[in-house]
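The values are calculated or read from the model by the stated rules, or taken from the named source; none is laboratory data. Quick caveat, the model's predicted, so the values are computed rather than measured. Note: ideal-geometry Cβ built from the backbone for every residue, glycine included; neighbour counts use all protein chains shown.
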Amino acid sequence: MKKNQHNLVVAFQGMPGAYSNMACKAYFPEVKTLPCNSFEDLLNTTKNGESDYAMVPVENSLAGRVADIHHLIPESGLYIIGEHFQRVNHQLLGLPNAKIENLKFIKSHAQGLAQCRKIIKKLDLTPIHHIDTAGAAEEISRMGDPSIAAIASKMAGEIYGLKIIKENIEDEEHNTTRFLIMAKKPTIPPVNINTSVTTIIFKVRSVPAALYKVLGGFATNGINLTKLESYIGGKEMNAARFYVDAEGHPETQSMKNALEEMDFYSEPNSVKIIGTYSRNKK
């Protein structure tokens, strides 16, 4: 997929200046962006044709999985066509007259707060949750209270007229968020078992060792799994749905064999490939 296409729209969750906004600009340098209030809105804009792609955050190297998103992706009707790794550099932002010694509160998205625990503890700040990092910066700009700071991006500080009180406050230097690029139609790359990733969702049958048998199908066929997650879905609380990232292409014989084994030990019609795409380097 070409990254510099014109006349396309990429949707992201959050306000201008959010890290998802930065990911859009990094992956699609020349396209228009569409901010959305929630993850549901983000996915729906692409499903309804208001945007061509959705930039969806799924996990962070410090804070782990982005809450709720794995429940929404399987039901969205969209397909994964690519991935992007966005380096996250958090800034401590405040009003132009704010001083670090006078700060009492810190506002940001739950992920931003979780990724900056050390400085929050060091400065003895009271965390305040916000739906969005950039939204927190915008709110502080409007409130005019120098005792409240935000954790957000440098871009957000520039957009909303805030100063950087302290740079790069994340707990670890490797702080990175993985994004999935999703679209209404799948875009399958040429067969290349070295760089392709296939994402699959499935629900195993309620029989002993069903999951073991499914995973054994990948092992027997020499396919590496880079992600395996489970979550409860539906009316019954005793049946889990699984989400798998497998290194390989569905048109190779090894992947076909593994998927056949998966299908045999899964509930009828529960196996679904939601994307095959090229692995992006961090």
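A few points about this structure:
- Residue match in the range 220-227 (condition: modelled with pLDDT of 95 or more, under 19 Å from the mean Cα position of the chain (by Cα), among the hydrophobic types (A, V, I, L, M, F, W, C) and outside any loop (DSSP other than H, G, I, E, B)): yes
- Gly135 surrounded by fewer than 20 Cβ atoms within 10 Å (Cβ to Cβ) and in contact (Cβ under 8 Å) with a residue 40 or more places away in the chain: no
- Gly94 being closer than 17 Å to Arg178 by Cβ, small (Gly, Ala, Ser) and surrounded by 22 or more Cβ atoms within 10 Å (Cβ to Cβ): no
- Sole exception among (1) surrounded by fewer than 17 Cβ atoms within 10 Å (Cβ to Cβ); (2) within 23 Å of the chain's Cα centre (by Cα); (3) not in a loop (DSSP other than H, G, I, E, B) for Asn89, by number: (3)
- Comparison of Ile165, Ile159, Ile188 shows that the only residue that is aliphatic (A, V, I, L, M), on the phi < 0 side of the Ramachandran plot, assigned to a loop (DSSP other than H, G, I, E, B) and surrounded by fewer than 20 Cβ atoms within 10 Å (Cβ to Cβ) is Ile188.
- Residue selected from the range 249-267 under the condition in a helix (DSSP H, G or I) and of a type in the set (Gly, Ala, Ser), by the criterion nearest to Ser278 (Cα to Cα): Ser254
- For the residues Glu75, Glu83, the requirement of being within 23 Å of Ile188 (Cβ to Cβ) and surrounded by fewer than 16 Cβ atoms within 10 Å (Cβ to Cβ) singles out Glu75.
- Residue check for Thr177: assigned to a strand (DSSP E or B), touching a Ser or Thr at 6+ places or on another chain (Cβ under 6 Å), in contact (Cβ under 8 Å) with a residue 40 or more places away in the chain and under 24 Å from Ser20 (Cα atoms): no
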